[in-house]
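Asker: Let me give you the structure first, and then I'll get to my questions.
FYI, it's all coordinate maths here, none of it is from the lab. Every value quoted in this text rests on a predicted model; they were computed, and no experiment measured them. Here Cβ is always computed from backbone atoms with ideal geometry, including for glycine, and neighbour counts include all displayed protein chains.
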Ligand SMILES: [Zn+2]
């Protein structure tokens, strides 16, 4: 049995009361939540493929997606975890905020959830329009797909845990992918782990399971503003053989390498632009205060 090292008790308490309501409770007509009928129309409408990229195993790529377009992340050769970062194409200080997106929607996201930007912007950067794995739901351990609880793997935590210097991580893949766009390591941020099954165990600790995606599976988003996205084909692959540390001199023998596959990115334009007639690229949150700061005249 693995020692838990958790401050949390595994003991279950039963209060015989309904669970508390979500802190960010959706009220009818809230601008936070997507108009499902509208986004279904986008998902169902005919589109033209305008760009297609293959992200090789254990690498990262960055792709520009104009506002009003749809992009698909795919697993062309089967199970592979995908770490996603998003920036405003014109202002990289505005970027995806995993924690707020988790609070506004849920810790795992799917169709009609939105990925929000950080402060002081706070607007939907993309709305998820389709997810071929949506029906999978929750498994017997409570694991769910498309994770907002965790973040990217990185060489610093690997060093901390394994004592090794390893360059094969999503953080490094994302950094290399965005460097040609003038972004730095500091621009890499907490990710959405697409195609990744995670949950919290009985001690409230983060766990990961093997990726269930098959060739043909996809995760599709509508771009609300002009964005730059970067993805990493996680060097942990499908997470079936995942572990910290890796013998760089003998990657041939690494089981982790054997379960690494490519990812696809496809960008589509809607053929019938009248579908977007009622849509406007969302403005940033309209807070007009000054955080209580007062200045003398
Ligand atoms: Zn990774």
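Asker: Does the range 172-186 hold any residues that are surrounded by fewer than 21 Cβ atoms within 10 Å (Cβ to Cβ), on the phi < 0 side of the Ramachandran plot and either part of a loop (DSSP other than H, G, I, E, B) or out of contact with any helix residue (DSSP H, G or I) (no Cβ under 7 Å at 6 or more places or on another chain) (or both), and which are they?
Answerer: Result: 176, 179, 180, 181, 183, 184, 186.
Asker: Hey, could you check the range 83-101 for residues that are more than 16 Å from the ligand (Cβ to nearest atom) and not in a strand (DSSP E or B) and say which is surrounded by the fewest Cβ atoms within 10 Å (Cβ to Cβ)?
Answerer: Restricting to residues being more than 16 Å from the ligand (Cβ to nearest atom) and not in a strand (DSSP E or B), the top hit is 90.
Asker: Here's another thing I want to ask about it. Please verify whether residue 160 is part of a helix (DSSP H, G or I) and surrounded by fewer than 21 Cβ atoms within 10 Å (Cβ to Cβ), treating the condition exactly as stated.
Answerer: Against the criterion (part of a helix (DSSP H, G or I) and surrounded by fewer than 21 Cβ atoms within 10 Å (Cβ to Cβ)), residue 160 qualifies.
Asker: State whether one or more residues within the range 32-44 are in a loop (DSSP other than H, G, I, E, B), free of Cβ contacts under 8 Å to residues at least 40 places away in the same chain and either away from the ligand (no atom under 16 Å from the Cβ) or at negative phi (or both).
Answerer: Looking through the range 32-44, at least one residue is in a loop (DSSP other than H, G, I, E, B), free of Cβ contacts under 8 Å to residues at least 40 places away in the same chain and either away from the ligand (no atom under 16 Å from the Cβ) or at negative phi (or both).
Asker: Could you please let me know if residue 196 is in contact (Cβ under 8 Å) with a residue 12 or more places away in the chain and away from the ligand (no atom under 15 Å from the Cβ)?
Answerer: no
Every residue, every condition in (1) surrounded by 10 or more Cβ atoms within 10 Å (Cβ to Cβ); (2) in contact (Cβ under 8 Å) with a residue 60 or more places away in the chain, yes or no:
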| position | (1), (2) |
| --- | --- |
| 8 | yes, yes |
| 20 | no, no |
| 23 | no, yes |
| 29 | no, no |
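Asker: Name the single residue that is nearest to the ligand (Cβ to nearest atom) among those in the range 133-154 being farther than 14 Å from residue 189 by Cα and crowded, with 18+ Cβ neighbours inside 10 Å.
Answerer: Taking the candidates together, the pick is 147.
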